[in-house]
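For reference, the structure discussed in these notes is given below.
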Amino acid sequence: MLSSKEDSVLLDSAKIASSKAIRSSMALGLTIKVIRDHEIIAVNPDRSVRVIRKISKPSIDVSALRKGMVLERK
């Protein structure tokens, strides 16, 4: 199990790596796809945004869930 200090170091390094990857992809003229507000969005190098698809959020009956149950996506 990771300590809180290791967690913060891991999160910081992930943030740095993702920002460098985004910056280099934009410099190379590549389109980046991100998920934002239940939508898949394509961000072009000129910073224009295009919604590719909406992601539906399934409703789950929480009252039927029990501890230890295995959930499977359909």
### Cα lying deepest toward the dipole's positive end in the chain, options Ala17, Ser56, Pro45, charges on Cβ
Ser56
### Task
Rounded to the nearest 10 degrees, what's the angle between the helix 4-27 long axis and the longest principal axis of the chain, both from Cα atoms, 0 to 90?
40
### Cross-link reach list, aspartates and glutamates versus Lys57, counting only Cα pairs under 19 Å and skipping chain neighbours closer than eight places
Asp37, Glu39, Glu72
#### Entry: Whichever lysines have a C-alpha closer than 28 Å to that of Lys20, once near sequence neighbours (fewer than 8 apart) are set aside
Lys5, Lys33, Lys54
### Message
What does the charge count around Arg36 come to, taking other residues whose C-beta lies under 13 Å from its C-beta (Lys +1, Arg +1, Asp -1, Glu -1)?
### Response
+2
## Note on the structure
Distance in nm between Ser24 and Ser8 label points, each 7 Å along Cα→Cβ, equals 2.8
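Considering every pair of different Cα atoms, what Kirkwood radius, in Å, is found for the stretch 4-56?
Numbers: mean 1/r = 0.0797 Å⁻¹.
Evaluated on the stretch 4-56, it is 12.5 Å.
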### Summary
Lys74 neighbourhood, Cβ < 15 Å, K/R = +1, D/E = -1, net charge 0
### Nitroxide proxy distance, nm - points 7 Å out along Cα→Cβ at Lys15 and Arg47
2.1
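Under the definition of Cα pairs under 8 Å and six or more residues apart, what whole-number percent is the relative contact order of the chain? Present the calculation step by step, with values, prior to reporting the outcome.
Numbers: 52 pairs, mean separation 11.5, N = 74.
With pairs under 8 Å counted, the relative contact order is 16 percent.
Only the coordinates and a few stated rules stand behind these numbers; no lab work does. The structure presented is a predicted model; accordingly, all values stated were derived computationally and were not measured. Cβ coordinates were reconstructed from backbone atoms using ideal geometry, including for glycine residues, and neighbour counts include every protein chain displayed.
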